[in-house]
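The values are calculated or read from the model by the stated rules, or taken from the named source; none is laboratory data. Worth saying up front: this structure is predicted, and the values here are computed from it rather than measured. Cβ atoms come from the backbone with ideal geometry, glycine included; neighbour counts cover every protein chain shown.
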Amino acid sequence: MFTPEDRERIRSELLEAAAADARLTGGAVTGSAAAGREDHWSDIDLGFGLEDTARLAEVLSDWTERMYGRYEALHHVDVTSGAWVYRVFLLASTLQVDLAFAPAAEFAARAPTFRLVFGRAAERPHVLAPSAEGLIGLGWLYALHTRSSLARGRMWQAEYMVSAMRDQVLALACLRHGLPAREARGVDLLPRDVTRPLEQALVSNMEAGPIARALRVATTGLLAETRAVDERLAGRLEAALLELSAGSPSGSN
């Protein structure tokens, strides 16, 4: 298990190496460390601007070699978001290290969790929170797929769908309360009177009855959050959502 001291040492070494890399135009600490919210379990999040995007593969290769050769990386995975490439490493100590690279013109603070350490950063608008309308749409879409999965006897797929539906409801609640709505970052800050009813949308076992119950609870939550956003839209959706949740297999159990 890594220690906070290990994490700080590795982060400092990586930033020092990045500042000496002429291919990089700037470097920033991102994530919880940039916001002053780092705790014992936080990972390392760093972002870098790239002078010449044609050299991205070369830069990724060199930095990957550094992570495996010096810091005992066990594996890595790439995640992309727009022009950004996030190479995420798992170290033998279980420390996660995210190294993000973007063209110099895109290297900018896209959220408050960005602290420039060296070089320059562009001026870009922050990434917008998900839209309430989009979350509502995903909510009813997952409800439909929960019902059809139950009808087909696909319990694992049904559990997946109803859990995803619940996540949209929680994201809507986060938006309503001014909390981060992506990746459940704000869920634990929601009032208990919001989260407590949705505990019943957690599936207790892989039988049709508990999954159908979770669907009914998630449907109630979705309608409540939709009313808070758009009363007329909630009115249009209510009959259909209640019908599909009540009519799902074991929906009357």
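Please list, ordered by first then second residue, the pairs with beta carbon atoms under 6 Å, 6 or more apart or interchain, first in region 116-137 and in a loop (DSSP other than H, G, I, E, B), second among the aromatic types (Phe, Trp, Tyr). Close Cβ pairs satisfying both conditions: Ala121/Phe107.
Flag set for Arg166, criterion: in contact with a Leu (Cβ under 8 Å, 6 or more places away or on another chain), of a type outside the set (Gly, Ala, Ser) and either surrounded by fewer than 17 Cβ atoms within 10 Å (Cβ to Cβ) or farther than 30 Å from Leu24 by Cβ (or both). I'm trying to understand the selection: among the residues of region 85-95, which are surrounded by 16 or more Cβ atoms within 10 Å (Cβ to Cβ) and of a type outside the set (A, V, I, L, M, F, W, C)? Tyr86, Arg87 - these are the residues of region 85-95 that are surrounded by 16 or more Cβ atoms within 10 Å (Cβ to Cβ) and of a type outside the set (A, V, I, L, M, F, W, C). How many residues are over 22 Å from His40 (Cα atoms), modelled with pLDDT of 95 or more and out of contact with any Asp or Glu (no Cβ under 9 Å at 6 or more places or on another chain) when one looks only at region 81-104? So the answer is 2.
Conditions (1) among the polar types (S, T, N, Q); (2) out of contact with any strand residue (DSSP E or B) (no Cβ under 9 Å at 6 or more places or on another chain); (3) outside any loop (DSSP other than H, G, I, E, B), marked per residue:
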site: Gln157; (1), (2), (3): yes, yes, yes
site: Arg166; (1), (2), (3): no, yes, yes
site: Leu170; (1), (2), (3): no, yes, yes
site: Cys174; (1), (2), (3): no, yes, yes
site: Arg182; (1), (2), (3): no, yes, no
site: Arg185; (1), (2), (3): no, yes, no
site: Val194; (1), (2), (3): no, yes, yes
site: Thr219; (1), (2), (3): yes, yes, yes
site: Leu237; (1), (2), (3): no, yes, yes
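Tell me yes or no: at least one residue of region 49-69 is buried (at least 19 other Cβ atoms within 10 Å of the Cβ) and touching a residue at least 60 places away in the same chain (Cβ under 8 Å). Yes. Entry remark, region 88-104: residues being closer than 21 Å to Ala122 by Cα and either assigned to a strand (DSSP E or B) or of a type in the set (Phe, Trp, Tyr) (or both) number 6 in total.
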